[in-house]
1. Restrict the check to the range 191-201 and report whether at least one residue is in a helix (DSSP H, G or I), within 26 Å of Phe299 (Cβ to Cβ) and open to solvent by less than 70 Å² (accessible area, probe 1.4 Å).
2. For the range 212-233, does any single residue satisfy the condition of being more than 30 Å from Pro319 (Cβ to Cβ), touching a helix residue (DSSP H, G or I) at 6+ places or on another chain (Cβ under 6 Å), outside any loop (DSSP other than H, G, I, E, B) and modelled with pLDDT of 95 or more?
3. Within the range 334-362, which residues are open to solvent by 40 Å² or more (accessible area, probe 1.4 Å), among the basic types (Lys, Arg) and either under 21 Å from the mean Cα position of the chain (by Cα) or modelled with pLDDT of 95 or more (or both)?
4. Which pairs turn up if I take residues in the range 259-283 that are closer than 10 Å to Asp369 by Cα and at pLDDT 95 or above and look for partners that are open to solvent by 20 Å² or more (accessible area, probe 1.4 Å) and in a helix (DSSP H, G or I) with beta carbon separation below 7 Å, at least 6 apart in sequence or on another chain?
5. Kindly indicate the residue of the range 386-413 that is surrounded by fewer than 22 Cβ atoms within 10 Å (Cβ to Cβ) and either acidic (Asp, Glu) or touching a Pro at 6+ places or on another chain (Cβ under 9 Å) (or both) and also farthest from Ile125 (Cα to Cα) among those meeting that condition.
6. Going by the structure shown, is Asp289 open to solvent by 30 Å² or more (accessible area, probe 1.4 Å), within 30 Å of Thr416 (Cα to Cα) and within 27 Å of the chain's Cα centre (by Cα)?
7. If you scan the range 129-160, which residues turn out to be open to solvent by 10 Å² or more (accessible area, probe 1.4 Å), closer than 22 Å to His292 by Cβ and either within 14 Å of the chain's Cα centre (by Cα) or acidic (Asp, Glu) (or both)?
8. Tell me whether the range 162-170 contains one or more residues that are touching a Gly at 6+ places or on another chain (Cβ under 7 Å), at pLDDT 95 or above, part of a helix (DSSP H, G or I) and open to solvent by 10 Å² or more (accessible area, probe 1.4 Å).
Amino acid sequence: MKKKLWMIFGPVIVAIVALLILLWTPINFKTVTPRKIDQASTSLDVRVLKGEGVKNAAEKENYIPIIGSSELSRMDPFHPSSMAQKYHWKNKPFLLGNPGTASLTQALNVSGMTGLKNQKAVVIISPQWFTKKGVPSDAFKYFLSPLQLTGFIVNSNHGDKKMNKYIANRILDLDDSLNTVETNALLRIADGKQITSFQRFYINRLTRSSLQSQDNLFGTISLNDHQKKIDQAVSKLPDNYNYKDLDKLAVKMAKNHSRENDLQIGDSFYRKQLYRRIHRYKNAHRHVDYNHSPEYNDFQAMLYLFNQNHTEVMFVIQPVNPKWIKYTGMPKDSLADFSKKITYQLKSQGFNNVVDLTHEKNPNYIAEDTIHMGWRGWLILDKHLEPYYKNKKADPNKTNYKMNSYFLTKKWANNTDF
C-alpha cells in the first residue's frame with residue numbers, strides 16, 4: 001500500500017519540494033540572455049516593469065531606459081526604438097511604461113534599478129498624470145511590484161528619511177491590500193523609524209528571496225514581441241538620415257493616416273475611441289487644471305531616487321494635440337502653466353536637461369492621437385535623444401542635484417505662485 005501511495009503522490013511531492021528549493025534557494029539563474037534583453041527592451045511587458053533582473057542586466061549592456069507611460073506603445077517609424085535600429089544609435093532605448101503608470105510607480109521602479117547608478121535615463125512626463133486626485137488607487141495597485149516594494153522596505157534605512165516617509169505613507173494611502181508584515185514595516189518607515197529585525201529577516205530572507213527567484217525564473221518567459229512591428233516601421237525609413245527629409249516624410253505619413261477627421265488624429269484611434277462619441281468632447285475640457293495635484297509630490301519622490309543613484313536624466317514634457325486642445329476648449333494657459341511649474345521643480349534642483357515639446361513653433365502632427373506623441377513629435381524628440389544616447393555614462397557635472405523637501409509638501413502640490 002505504501003508503495004502504491006508513493007507511486008501516486010511521490011512525483012507530486014518531489015515536484016513541490018523542487019519548486020520550493022528553486023524559489024527559496026539564493027541561486028542566480030542565468031535566464032537573462034542578450035537576446036532576452038533585446039526582446040524585453042521593446043516588449044512593454046508588465047513583468048519587465050515589475051521585475052528587476054532583466055532591467056539591471058540591460059544597464060550593463062548598451063541600453064538607456066526611457067521611462068514613461070502609454071505613449072511608448074505608439075511604435076511608428078519615428079519612434080526612438082525604430083530610429084535607433086535604423087540609424088545605428090550607439091545605445092538603444094529600453095522602454096519602461098504602460099497605460100496607467102505614473103510617478104509613484106516609476107519611483108519604485110527606479111528604486112529597484114541598481115544598475116542606474118552613475119548612468120543615464122530619459123523620463124517622458126505626461127501632463128495628464130497631474131490631475132486633482134493624482135494617480136488612481138486601482139492603477140497604482142495594479143502596477144505595484146511586490147519585489148520592488150520589498151526592496152524599498154529593506155533599503156529604507158538608507159537615503160533621505162523624508163523621502164522614505166513620504167513614499168511609505170503614499171503606498172499605505174493607495175493600497176490597503178498589503179500583508180501584515182509589509183504594512184507594519186511601512187507604518188514604521190512612515191513614522192520615521194527603522195524596521196524591526198524580524199521584519200527585515202522575514203521580508204528580505206523569505207519574501208524578497210522568493211520574489212527574486214521567481215523574477216529570475218519566469219520574468220522573461222513568453223514576453224511580448226514587438227520586433228516585427230519595429231522591423232516594419234524601420235523598412236519605411238530612408239537609408240540616410242536627413243532631418244528635413246524625415247520631417248517631410250513624417251507629415252506625409254501623418255496625413256495618410258489621419259484622413260477621416262480634421263483633428264490630425266490617427267484614423268485607427270479615431271474610429272475605435274472617438275467616432276461614436278466625439279460630440280461629447282466638444283468644450284468638455286474648459287476647466288482642466290494641471291496645477292493642483294499630489295502627483296507633483298510623487299514626481300519629487302522619483303527625483304530623490306535619481307539623485308540617490310547619481311543618474312543623469314533627460315526630462316521630456318509631452319505635447320498635447322493642439323487641435324484637440326482647441327476642440328475640447330482646454331484653457332490656453334493650462335498647459336503653459338503646467339510646463340512652467342514642472343520645469344521650476346526640476347531646474348531649481350539641478351535637473352537642467354528639460355525638453356519641452358509643448359512650445360513647438362510648428363505643432364502640426366506632433367501627436368498621433370489626442371495626448372500621445374507620434375509622427376513629428378517622436379522625430380523632434382529623436383533629434384535630442386540621438387546625441388544623448390552616444391554615451392550612457394552620467395556626466396558627474398550634471399548630477400550635482402540640490403534636493404528640496406518643500407516639493408514633497410501639499411503646499412507645493414497646490415502652489416500656483418512660482
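The values are calculated or read from the model by the stated rules, or taken from the named source; none is laboratory data. Computed from a predicted model, the values in this text were never measured in an experiment. Methodologically, a virtual Cβ is constructed for each residue, glycine included, from the backbone with ideal geometry; neighbour enumeration extends over all protein chains shown. We work out accessible area using only protein heavy atoms, side chains counted, and drop any ligands, DNA or RNA first. Shrake-Rupley method; radii C 1.70, N 1.55, O 1.52, S 1.80 Å.
1. Within the range 191-201, not a single residue is in a helix (DSSP H, G or I), within 26 Å of Phe299 (Cβ to Cβ) and open to solvent by less than 70 Å² (accessible area, probe 1.4 Å).
2. Scanning the range 212-233, I find no residue that is more than 30 Å from Pro319 (Cβ to Cβ), touching a helix residue (DSSP H, G or I) at 6+ places or on another chain (Cβ under 6 Å), outside any loop (DSSP other than H, G, I, E, B) and modelled with pLDDT of 95 or more, so the answer is no.
3. Those that are open to solvent by 40 Å² or more (accessible area, probe 1.4 Å), among the basic types (Lys, Arg) and either under 21 Å from the mean Cα position of the chain (by Cα) or modelled with pLDDT of 95 or more (or both): Lys340, Lys347.
4. Qualifying pairs under 7 Å: Leu263/Lys323; Leu263/Tyr327; Gln264/Lys323.
5. The selected residue is Asp395.
6. Answer is yes for this residue.
7. If the condition is that a residue be open to solvent by 10 Å² or more (accessible area, probe 1.4 Å), closer than 22 Å to His292 by Cβ and either within 14 Å of the chain's Cα centre (by Cα) or acidic (Asp, Glu) (or both), then Trp129, Val135, Asp138, Ala139 are the ones that fit.
8. Yes, the range 162-170 has at least one match.
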